[in-house]
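The values are calculated or read from the model by the stated rules, or taken from the named source; none is laboratory data. What you are looking at is a predicted structure, and each value in this text was computed from that prediction instead of being measured. Cβ placement follows ideal geometry from the backbone for every residue including glycine, while neighbour counts extend to all protein chains displayed. SASA here: full protein model, heavy atoms, side chains in, ligands and nucleic acids out. Shrake-Rupley method; radii C 1.70, N 1.55, O 1.52, S 1.80 Å.
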Amino acid sequence: MSIITTAIGLILVYLILSLMVSAIQEALASWFSMRSKHFGHAIDQMLTNEKTTEGALELDKSILEKFQSHPSYGDMVQEKNKQSTNHMAHPSYMSAATFSSILLHVLDGSDVKQLTATINAMEDGKLKKFLLDCLAETGNDLTKFRTRLEQWYDQVMSRVSGWYKSYTHKIIMVVGLLVAMYMNADTLSIYQKMSAVAAGSTQEQAIIGLAQDFVDQRYDGFNQQINDIQQSLDSAAQQTDTARYDSLLLLHNERLLAQVDSLVVMVNGANSPLGLGWTKAEWSTVKSNVPVLFNKLIGLLLTTFAISLGAPFWFDMLKKIINIRNAGPVYEGS
């Protein structure tokens, strides 16, 4: 088999598995309310009034508790989440305008005089100092103070987004390894098996056909579904429609799981040419032979790293390689 065709086969495996892992990760994020938990942690850090007394850290959560008890906050929490956990439930999203509105209500910020009195009555701590600094920066202008709170919120949420991406990347690595093990997607083994496929054989044509079909139809269709849902999520977020946002997340999850099912069918159909799947003989050899087991682990870890690069990366690579192949004659490896 040509080097280009071998590369196409490997990239196709990485692409399909990356899509599967992405769908599973999104499903896990929805099931376990990962976004709302990260959001709640950020709000906790923002509104907890910390101070150190004689070397001991003291946490005053009175403002935080009032904020989370506010009706507007509770209305943004999906009802079933409240019933399914003993811990404080949080919304998946909140606009900066909503955050500033709730916080000003908690601080009795109907006017600057009352707002200043409420902040001064707070226990000394990090939050009190920050709010007083904001008042000073804005010249005791209530409108500017609200804008400063919204800027603060946006800055914190930007960092939370970075935390969440780092957190989900770890999940993708774990899920990627499990999927690679389940599918026996060992990079070294796949390369060896595909290199042994004869040039021009039906197996080679099957790989090329599957890759071309994926580029022309399947991937664009998959992305279109995801993009449509994402646009709806962004629209609901901008309108602060949390109930709609949560229902769209559920729909997003269902569509991703449907895509996983279709990808599993596709991979199973391509087991032979792509070298995926376990055989009893291979499983027995891996269990009983330490060097083989070591090589298998290296191959699985290589696949896991490849999966972590993400489906968009491998789709771009697949398109480029296919274009190179279609641009001229295919040279066979020696």
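The table that follows gives values for the structure above.
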read-out: Hits in the stretch 293-313 (condition: open to solvent by 30 Å² or more (accessible area, probe 1.4 Å), under 23 Å from the mean Cα position of the chain (by Cα) and at pLDDT below 95); value: L309, P312, F313
read-out: Members of the stretch 173-209 that are open to solvent by less than 60 Å² (accessible area, probe 1.4 Å) and touching a Gly at 6+ places or on another chain (Cβ under 8 Å); value: M183, N184, D186, T187, S189, I190, M194, S195, I207
read-out: Within the stretch 265-276, considering residues that are in a helix (DSSP H, G or I) and not β-branched (V, I, T), the one modelled with the lowest pLDDT; value: N271
read-out: Subset of the stretch 105-120 [open to solvent by 10 Å² or more (accessible area, probe 1.4 Å), touching a residue at least 12 places away in the same chain (Cβ under 8 Å) and under 39 Å from the mean Cα position of the chain (by Cα)]; value: H105, V106, G109
read-out: Meets criteria (touching an Asp or Glu at 6+ places or on another chain (Cβ under 9 Å), of a type outside the set (A, V, I, L, M, F, W, C) and crowded, with 21+ Cβ neighbours inside 10 Å) for T48; value: no
read-out: Residues located in the stretch 121-135, provided they are without any contact (Cβ under 8 Å) to a residue 24 or more places away in the chain, open to solvent by 80 Å² or more (accessible area, probe 1.4 Å) and assigned to a helix (DSSP H, G or I); value: K129
read-out: Flag if T279 is hydroxyl-bearing (S, T, Y) and at pLDDT 85 or above; value: no
read-out: Residues of the stretch 76-120 satisfying the condition of being assigned to a helix (DSSP H, G or I), in contact with a Lys or Arg (Cβ under 7 Å, 6 or more places away or on another chain) and modelled with pLDDT under 80; value: none
read-out: One residue from S158, S235 being of a type in the set (S, T, N, Q) and either over 30 Å from M76 (Cβ atoms) or at pLDDT below 80 (or both); value: S235
